[in-house]
Amino acid sequence: MKKFVLVILLLSIAVSGIYAQDFTNLTGAKICSMKKTKMKLPGTDFQYSPNTPRHSFDVQNYKLNIDIYKNFFSPYPHDFKGTNTITFRVDSTLSSIYLNANNASLAIDSIRIVGGPTLVYTHSGNILTITLNRTYNVGEIVYIKIDYRHLNVSDDSFMVSSSGYVFTDAEPEGARGWFPCWDRPSDKATVDITAKVPSTARLGSNGRLNDSLVTGDSIYYHWISRDPVSTYLTVMTAKTGYTIDIVYWHKLSNPSDSIPLRLYSPSGTSSATVKAIMIPMTTYFSTAFGEMPYEKNGFCYVPSSAGFIWGGMENQTLTTVYAWSSSVCVHEYAHQWFGDLVTCASWANIWLNEGFATWNEAYWQERTGGYAAYKNAIINDDASDYLSYNPGWAISVPSWDVTTPDQNTLFNYEITYCKGACVLHLLRYTLGDSLFFAGMKSYATDTANFKFKNSTIPDYFARMGSVAGQDLSWFYNAWLYQPNHPQYQNGYNITNVGGGQWRVNFLAKQVQTNAGFFPIPIQIKISFTSGSDTTVKVMNSTNNQIFSFYFNRQPTSVVFDPNNEIVIKTASLIMGIDETPQIPSEFRLAQNYPNPFNPVTNIDYDIPKNSNVKITIYDMTGREVAAPVNEFKTAGKYTVSFNAMKLASGIYYYKIQISDPTGRTGDFTAVKKMTLLK
């Protein structure tokens, strides 16, 4: 991928020239990243707690009534009038609420309790603070109606084109630019949208078309989503002269029932390429991840010339695309499961959206080309680009729970998309297909916890670990919360131990200094003077780990990771290592690294004898906050990865206690200080 050349071109040529560029050979993930890095983000408004954020009220429904009739005619203004009736449930006793509403885009005319009094409000700093008519208690349902106007200003949320397009585009936090809302992905609500347009226009939105009323030269489109939607996935897309092509996908669970898949095309374009894959794509993803659950689905074509900056946007049940590109549509359609059906709880969990959708592009290749085609896409489209242009931060940064990063960071192609897909591949490789796909379907179909709800990275791995019967925290602590990737300098030797027996010792050694240790199963291929090769798969759980294998025939050579399953790594292998295991001569507790850290750090320790080992983390008050190690260990060198995601910034202490279970030697205790800096 000639990424830097492409960026220079995009920045240096005129807009009209950009529109003419040919992006047909790019992956859907690349095009998606290009689009989303062009969005403008509002300033930080609030502080939020980690994991799935909670606040004092829970929006149940947004009912919007919007008049955009005049936006289709010269001089194509951006202003419109609207009402937003918000239904919310009180989650903690309150007498006021605040919403997101951009001051530059929205003007508030009045707010009132439905069927009740007018309310006092302030609108400043993109925050709409509403004083309610009384104190409400937990569990009460409140209805407020906001009369507002979108001002005649251009923004990246509500867009108007002289070519007859009027549409919205909201990721990550742009919904606040076209209607007042609680604009975080964690608060899903049903939506009910009525929009007035000219009779020559066609308008699509979330959910089903409940009705359309023709009055004179106008149409009132009424769309209702029975399924909850995150605000950034709420959409309204319209154009004069759209043609609508509908195909029907018959449910796997009930073939007599079907779901319409709607394709909105402007004149001069053909959706035939995408239309041809809609039914097989729906079946393929439904089989793997659970039946497509929506009332309808579809795509709207909005070109770059209309202001939709490349790529695609996976609005729930109505994706916006810049072209009828099969790669874009595969990527965005996969989001209907991963991103829409199950949505990241905060932007620190964006991997659950973009990493999964990018991985699914490769998985789609597997449908016709088998595992080899899938693997080729992972290596050539994802791993190659990441290894070439890795900017050096982690996939998930806990501070993004609190402060939304700039779009070039959040939607960075190499990290969020490419490395994200590679890490999901590593999980598939680690678990094996049976457990991996069983876990993925269990995750996406769990109505109690995830389906039509939100998820965090630990939530996802808890489900995958439950299906796999193992704790997977070691995996995500290393591969998602650490930057960079392993750099192997492995070694081996072959020894004739007599009696017709041969031994292969293999040293798994990582030498990167820009990250801690990356645990992962490794494969070692051994060839012999006679007979077929043997490939063994062992868990590489600590650095400088030696594995010994015995054979009754003579080995001749060793290959590390012969099928390149650990797709993001560098590796070398030399013949010649010390035959004896690396047993330290004394007890040792090393300074953690990195230090300061956020949120993952690594602690090395050496034990010269088989011992009981306990490592405890304390805060400044002496309170124990974690105990990452508490078990019997054989003599050797160890690394433990500690994840402080749920802890506040500050000084902490870690203490090691080592005791001989036989009581023949004394205990060893050491304490060191470390700094968590978020």
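Every number in this text was worked out from the coordinates using simple rules, so none of it is lab data. It should be emphasised that the depicted structure is a prediction, and the values quoted were computed from it without experimental measurement. No Cβ is skipped: glycine too gets one built from the backbone with ideal geometry, and neighbour counts run over all protein chains shown.
Remarks
- Computed E for T556/N376 - FRET, C-beta separation, R0 30 angstrom, nearest 0.05: 0.55
- Label point distance in nm, V114-F632, each placed 7 Å from Cα along Cα→Cβ: 6.5 nm
- Relative contact order of the chain, defined on C-alpha pairs under 8 angstrom at six or more residues apart (%): 9 percent
- Comparing Y148, N612, F57 along the charge dipole axis of the chain, the residue lying farthest to the positive side is N612, per the Cβ-charge model.
- Helix axis angle, 3-12 relative to the chain longest principal axis, alpha carbon, degrees: 30 degrees
- Taking every DSSP beta bridge that has both ends in the range 487-575, the antiparallel portion is near 80%.
- Only the Cβ atoms of Lys and Arg (+1) and of Asp and Glu (-1) were treated as charged; on that basis the dipole of the range 57-240 about its Cα centre amounts to roughly 340 debye.
- Projected label points at N544 and V497, each 7 Å from Cα along the beta carbon direction, are separated by 2.3 nanometres.
- Each of F528 and D619 was given a label point 7 Å from its Cα along the Cα-to-Cβ line. The distance between the two points is 5.9 nm.
- Taking the DSSP bridge list for the chain and keeping only pairs wholly inside it, about 85 percent are antiparallel.
- Rg(Cα) / (2.2 N^0.38 Å) computed for the range 57-240, rounded to two decimals: 1.01
- Positive-end extreme of charge dipole, the range 468-587 - chosen from T513, V558, P486 (charges on Cβ): V558
- With neighbour counts taken as other beta-carbon atoms within 10 Å, the residues T234, T445, T570 rank, fewest first, as T570, T445, T234.
- Dipole axis of the chain (+1 Lys, Arg; -1 Asp, Glu on Cβ), positive-most option in W393, G439, T542: T542
- Taking each residue as 0.36 nm, the span from S399 to S163 lengthens on full extension beyond its C-alpha to C-alpha distance by 80.8 nm.
- When you filter the trypsin sites (Lys or Arg not before Pro) in the range 590-625 for DSSP loop state and at most 13 other Cβ atoms inside 10 Å of their Cβ, you are left with R623.
- Within the range 104-209: Cβ-based charge dipole about Cα centre, in debye rounded to nearest 20 (Lys, Arg +1; Asp, Glu -1): 360 debye
- From its DSSP helices (H runs of at least four residues, each -39,500 (n - 2.57)), the chain gives a residue-normalised ellipticity at 222 nm of -5500 deg cm²/dmol.
- Rounded to the nearest 10 degrees, the angle from helix 433-445 to the longest Cα principal axis of the chain is 30 degrees.
- Gain in span if fully extended, I141 to R89, counting 0.36 nm per residue against the direct Cα distance: 18.3 nm
- Straightening the chain between I277 and L213 buys 19.8 nm, computed as 0.36 nm per residue apart minus the Cα-Cα spacing.
- Dipole magnitude of the chain, debye to nearest 20 (Cβ charges: Lys/Arg +1, Asp/Glu -1, about Cα centre): 380 debye
- Between the helical axis of 420-431 and the longest alpha-carbon principal axis of the chain there is an angle of about 50 degrees.
- Residues of the range 221-245 falling in the label zone of S253, defined by backbone nitrogen less than 15 Å from a point 7 Å along Cα to beta-carbon, are 227.
- Hydrodynamic estimate: the Kirkwood radius of the chain over Cα pairs, inserted into Stokes-Einstein at 37 °C and 0.692 mPa s, corresponds to D of 120 µm²/s.
- Computed on the range 588-676, with alpha-carbon pairs under 8 angstrom and 6+ residues apart, the relative contact order is 33 percent.
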